[in-house]
Amino acid sequence: MRVLDFDNTIYDGESPLDFDNTIYDGESPLDFYLFSLRYAPSAIRFIVPVLLQLVRYQLQRCTRTDIERELHRHAHAYLSSFDDLSAVVSAFWDHRMHKIKPWYQPRPDDVILTASFNYTMDEYMRRAGGGCCICSTIDYDTLEVTYLNFGDNKVRAFKRAFGNDVVPDEFYTDNLADRPMLEYARTSFIVKGNKVVPYQK
């Protein structure tokens, strides 16, 4: 499959995709954090330092280690601010499912590779009707970060899920921070809005 114009072509589920700014129009973690403040306004004290690091990471001005340090410091305190996290997540997707880009039609064999966390992605995948999502994770019992799916972790996670010998024909992302996966796939594309540009290896 070779998609060059998502305005007129439907993705057929053969190649893995990033989620934020690729399938989802925007950064879903940022949208969720801002949305969640209506349920726990005081949680802003946990969000700001993490968001600053995420922005710096998107601009390639900090490392994955810097983000990991901030997330491990604040994730438990932030997530435990809510009386019912699953209800907040459900309300979020009630208000944000419209941000899934119109070219994308979920299929049971889709593979999504994202740095977003399981506490939002699990509900999205349930609503989308299945597929495989490899994402960052928190332990639902302890609310501690257990895995971050950034950078070269995406390649390792893909191999762990599908085998060391499986190389995707194509990979789609919006961000050069996914360079390890861009280089690993046989052919890769950078998504810009509803268009894609071939990635030059």
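The values are calculated or read from the model by the stated rules, or taken from the named source; none is laboratory data. What you see is a predicted model, and the numbers here were worked out from it, not measured in a lab. Cβ coordinates were reconstructed from backbone atoms using ideal geometry, including for glycine residues, and neighbour counts include every protein chain displayed. Keep in mind that these areas ignore ligands, DNA and RNA; they rest on the heavy atoms of the full protein, side chains included. Shrake-Rupley method; radii C 1.70, N 1.55, O 1.52, S 1.80 Å.
Sorting the segments 195-201, 66-72 by their mean number of nearby beta carbons within 10 angstrom, highest to lowest, gives 66-72, 195-201.
Could you tally the net charge around Asp66, taking each other residue with its Cβ under 13 Å from the Cβ of Asp66, Lys/Arg +1 and Asp/Glu -1?
Working: positive: Arg56, Arg61, Arg64, Arg69, Arg73; negative: Glu68, Glu70.
Net local charge, Asp66 excluded: +3.
The residues of the chain expose on average 48 square angstrom of accessible surface per residue, using a 1.4 Å probe on protein heavy atoms. Here the chain is assigned +1 on the Cβ of each Lys and Arg and -1 on the Cβ of each Asp and Glu. Its dipole about the Cα centre then comes out at about 500 debye.
Using a Gaussian network model of the chain in which every pair of alpha carbons under 10 angstrom is joined by a spring, one finds that among Tyr140, Tyr24, Tyr172 the greatest mean-square fluctuation is at Tyr140.
Restricting to the chain, compute how many DSSP beta bridges are antiparallel as a %, nearest 5. Walk me through the numbers on the way to the answer.
Details: 8 of 19 bridges.
Approximately 40 percent, going by the DSSP bridge assignments.
Accessible area per residue was computed with a 1.4 Å probe on protein heavy atoms; Val166 scores about 60 Å². Set the Cα radius of gyration of the stretch 82-187 against 2.2 N^0.38 Å, with N its number of residues, and you get 1.14.
In the distance distribution for the chain, Cα-Cα pairs more than 29 Å apart total 21 percent. With a cut-off of 11 Å between beta carbons, the residues surrounding Val55 carry a summed charge of +1, where Lys and Arg count +1 and Asp and Glu -1.
Taking all protein chains as shown and a probe of 1.4 angstrom, Phe171 keeps an accessible surface of around 0 Å². Listed cross-link partners Lys99/Lys192; Lys101/Lys192; Lys154/Lys192 are compared with a 19 Å cut-off, the Cα-Cα value being larger for Lys154/Lys192. Divided by 2.2 N^0.38 Å, where N counts the residues, the Cα radius of gyration of the stretch 15-56 comes to 1.34. Rg ratio for the stretch 39-117: its Cα radius of gyration over 2.2 N^0.38 Å, N being its residue count, equals 1.32. Considering only Asn21, Asn175, Asn164, the Gaussian network model of the chain with Cα springs below 10 Å gives its largest mean-square fluctuation to Asn164. If you run the Gaussian network model on the chain, springs between alpha carbon atoms under 10 Å, then out of Ser136, Ser81, Ser188 the most flexible one is Ser81.
Taking Cβ atoms as reference points and 11 Å as the exclusive limit, the residues near Ile23 contribute a net charge of -3, counting Lys and Arg as +1 and Asp and Glu as -1.
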